[in-house]
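All remarks here apply to the structure that follows.
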Amino acid sequence: MKRTTSVLSLVAASFLLSGLAMAAVKLDGLKCPISGKDVKEEHAVDFGGGKVYLCCGGCPDAFKKDTAKFTAKGNHQLLATGQAKQAKCPLSGGDLNKETEISIAGAKVQFCCNNCKGKAEKAKGDEQVNLVFGADAWKKGGFKVGK
């Protein structure tokens, strides 16, 4: 009986811990890269070593069908949800300056200098997201998804 109770306790603890790990990703304010609607946790796809969250059951197929089209918005989500960390300036590849931090649709980003910060601030909407989170910028910025 003791062994059964111990095994059940371990299983319950495992479920509790996995639930806590899932709760660490904050989805408040995130928008679906496909539709622009609020995302739901149950509609996630694997992307770039993390998860991108979508609004409905139809969007995962659309995302997978043309991932390149949604790369910048997917990368943005990886940073906004805390799954990714930034190492360098996404525009120049230079060292980060904490004084240049701005928020882009809920994702905090730093740059190497006020020139790069200004360029990012000047861009708006999708243009800004593409500039800072597109494939080239993601590579220059040394963004890494942690496990």
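Bear in mind that the values in this text are calculations on the coordinates, not laboratory data. The structure displayed is predicted, hence computed values, not measured ones. Here Cβ is always computed from backbone atoms with ideal geometry, including for glycine, and neighbour counts include all displayed protein chains.
Observations, loosely collected:
- Too-long pairs where the Cα-Cα distance tops 25 Å, listed order kept, from Lys40/Lys117; Lys40/Lys69; Lys69/Lys139: Lys40/Lys117
- Considering all C-alpha pairs of segment 85-145, those separated by over 12 Å amount to 61%.
- Label point distance in nm, Lys69-Lys37, each placed 7 Å from Cα along Cα→Cβ: 1.7 nm
- With 10 Å bins from 0: P(r) over segment 33-76, alpha-carbon pairs, percent: 32, 64, 4
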